[in-house]
1. Within the stretch 363-379, can you find the residues that are buried (at least 17 other Cβ atoms within 10 Å of the Cβ) and under 22 Å from the mean Cα position of the chain (by Cα)?
2. Could you tell me whether any residue of the stretch 60-77 is of a type in the set (Asp, Glu), surrounded by 20 or more Cβ atoms within 10 Å (Cβ to Cβ), assigned to a helix (DSSP H, G or I) and out of contact with any Ser or Thr (no Cβ under 6 Å at 6 or more places or on another chain)?
3. Scan the stretch 394-416 and give yes if some residue there is surrounded by fewer than 13 Cβ atoms within 10 Å (Cβ to Cβ), over 30 Å from ASN66 (Cα atoms) and among the hydrophobic types (A, V, I, L, M, F, W, C), otherwise no.
4. Can you tell me which residue among PHE297, PHE258 is in contact with a Pro (Cβ under 8 Å, 6 or more places away or on another chain) and either modelled with pLDDT of 95 or more or more than 22 Å from SER375 (Cα to Cα) (or both)?
5. Grab the helices (runs of 4 or more DSSP H) fully contained in the stretch 232-333, keeping just those with 2 or more residues being over 20 Å from the mean Cα position of the chain (by Cα).
6. What pairs come out if I take residues in the stretch 412-424 that are assigned to a loop (DSSP other than H, G, I, E, B) and pair them with residues that are surrounded by fewer than 19 Cβ atoms within 10 Å (Cβ to Cβ) whose C-beta lies under 6 Å away, six or more apart or interchain?
7. Can you name the number of the only condition in (1) farther than 30 Å from THR70 by Cβ; (2) modelled with pLDDT of 85 or more; (3) crowded, with 19+ Cβ neighbours inside 10 Å that PRO162 fails?
8. Please work out which residue is nearest to ALA274 (Cα to Cα), limiting yourself to the stretch 1-58 and to residues that are touching a helix residue (DSSP H, G or I) at 6+ places or on another chain (Cβ under 9 Å), modelled with pLDDT of 95 or more and of a type in the set (S, T, N, Q).
Amino acid sequence: MARQVSEMAFPVRVTQGAKRAYQIGKDWYAQTLKYGEEGKHVAWCMAGISPELLYLFDIAGAWPENFGATCAAYQVAINFIEQAEADGYASELCSYERNMLGYTIEYLRAGGVIPGSAPRGGLPKPTMLLTCGLICDPRIKGFQALARFWDVPMFSLDTPNPTYTTEINDPRVKKYYVEHWVNELKRLVEFLEKVTGKRYDEARLQQIMADSLETSRLIYEIAEMRKHVPSVFCSEDYFGYIHLQLFMLGQPQVLEHFRLLRDEVKERVEKNMAVVPDEKYRICTMGIPPWYCLGVFNYMESLGIAPAMDQVYYIGKPPSEVDLSNPLQAMAEKAWHKITQTLSYEGIEICPEPFTIPDNPGAWPVGQMKEWLDSYSLTGIVQFFTRSCRAVSFGQAHMRQEMSKLGVPVLVLEIDMADPRTWSDPVIKSQLNAFRDVMESAKRR
């Protein structure tokens, strides 16, 4: 029996940038497939591996997080997820990893043929596996499981993980973590040199890092313009470009995309081009969204709710100046800047370990959210309680308690990012309808 697709499955986006980001994503998948067909290097990676280094070594990166989101958006992730579960992988495991394992199982059982249901042509066989200890266990354990299927070299990056009590202003602490990160990046470079047979090109990486930093500044500028009332750029468009921010930094076409998007959003601010014509409420979302139902943001908008800001994947304010003479050192300094910003400005009160480099969506920045309530003119918060991503869902109860002290309404939608079996249109709609009424009551107090 065919599964019924949600009426909120497919989002309607407002910017030209969203269309451009979609096309860049399609071209990216096509290029990855071409690399596989031509016998070039394809790395299956988890976030935390530097996309700048992959670009430097001319390696096509394929990311289970992005592929899981893409499969979900195309309404086919459930096929691969159930295949993984049929082979004994628990339903409580990360749905991105279950999607990737199920895809791998189908691929190999078909004799090395990409499953026909795979979106955008699927992913080719990897020539290497690259992972790290950032944020969650599946980054290591999931890739250990994948390594049983693929006879290819695997590399695990030991990501620095300072806790939220770290004395960030102690120069000895900074020296320790930055040196550790530089040494780990050097290990990764040595691995890539060995596997690809190519030499590390420091001058070229300097330019790639310059483009990466400039792109990060543009993304931050766009985030700042989301403070405008009424909202001119909402969540459906934000999540439409997130693959470029997470997996393609350093590439010229991505830099150009964000230049154009910054200009487009700036124009929308100047012309007061509201996404929601009758905007009554402004919310910030927290947690990974349901990629199979991003149209939920359009439903919010139909209720007069503007999804004005999103905490997950927030890039933060990049450093104003970075010495690029040693680009590996620059990578480490940029990561340390993010740590110090997270621990100071964002006001972390509770978070899981491991913690942060370069960004931990599982950390719950209470101080940051208190500031955002005013700067983004928020009337409520919607939390996506993601069942199979405990690293992100951790701390949500604490955040709700802190917001309740301020009288800020918080709605919890218990969903999953890639597994649609937790979703129900009638339930989600009734929760959002009721939440609108709660925000209205809170405004009148």
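The values are calculated or read from the model by the stated rules, or taken from the named source; none is laboratory data. Because the structure is predicted, anything quoted here is derived from the model rather than measured. Every residue, glycine as well, gets a Cβ built from its backbone with ideal geometry; the counts of neighbours run over all protein chains shown.
1. ALA363, TRP364, PRO365, VAL366, GLN368, MET369, TRP372, TYR376, listed by residue number.
2. There is at least one residue in the stretch 60-77 that is of a type in the set (Asp, Glu), surrounded by 20 or more Cβ atoms within 10 Å (Cβ to Cβ), assigned to a helix (DSSP H, G or I) and out of contact with any Ser or Thr (no Cβ under 6 Å at 6 or more places or on another chain).
3. Checked the stretch 394-416: at least one residue is surrounded by fewer than 13 Cβ atoms within 10 Å (Cβ to Cβ), over 30 Å from ASN66 (Cα atoms) and among the hydrophobic types (A, V, I, L, M, F, W, C).
4. PHE297
5. Details: elements: 235-238, 242-247, 252-270, 296-302.
Correct list: 252-270, 296-302.
6. ASP416/ARG387; ASP416/THR422
7. (2)
8. THR15
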